[in-house]
Amino acid sequence: MVTVAELRASGTVLLDVVSGSHAYGLATATSDVDGKGVFCLSRAALFDLSRVEQISDERNNPNILELLATPPEQVLTRHPAMLRLSPKLFLS
């Protein structure tokens, strides 16, 4: 299984954000830092047609609409392609 660190190093991360209490100004001294993101497959993985599992841990269940609405100051990385998507384009 691929790790988040390996994805960041690979250059395939399209969106990498701080989420949870830190993203919305609700963090306390004991709050952990939650991270979520979106990545694209490498060409090799895409053409291989093998299944790629969601990269997550037991704490996270990513939601793309939440990620798109992340406050700008909490966005670590945003690929220009992700600028074309916004929450108002989707029904929820």
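The values are calculated or read from the model by the stated rules, or taken from the named source; none is laboratory data. Just so it is clear, the model here is predicted, and its values are computed rather than measured. Every residue, glycine as well, gets a Cβ built from its backbone with ideal geometry; the counts of neighbours run over all protein chains shown. Please note that ligands, DNA and RNA were not included when accessible areas were found on the heavy atoms of the full protein model with its side chains. Shrake-Rupley method; radii C 1.70, N 1.55, O 1.52, S 1.80 Å.
Values computed for the structure shown
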| read-out | value |
| --- | --- |
| GNM top mover of 50, 42, 21 - the chain, alpha-carbon springs below 10 Å | 50 |
| Computed [θ] at 222 nm, deg cm²/dmol, the chain (DSSP H ≥ 4; -39,500 (n - 2.57); rounded to nearest 500) | -4500 deg cm²/dmol |
| Accessible area per residue in Å² at 1.4 Å probe, computed on the chain | 73 |
| Surface/4 of the Cα convex hull for the chain, nm² | 7.4 |
| Residues in region 64-79 that a label on residue 86 would reach, taking backbone N under 16 Å of a point 7 Å out along Cα→Cβ | 65-73 |
| Full-extension gain in nm, residue 34 to residue 21, via 0.36 nm per residue minus C-alpha separation | 3.9 nm |
| Choice from 44, 23, 69 with maximal GNM fluctuation in the chain (Cα, 10 Å cutoff) | 44 |
| Sulfur and carbon atoms: percent of accessible area, the chain [1.4 Å] | 58 |
| Dipole magnitude of the chain about its Cα centre (Cβ charges: Lys, Arg +1; Asp, Glu -1), debye to nearest 20 | 400 |
| Residues with amide H under 5 Å from that of residue 19, placed H, sequence gap 5 or more | 34, 35, 36 |
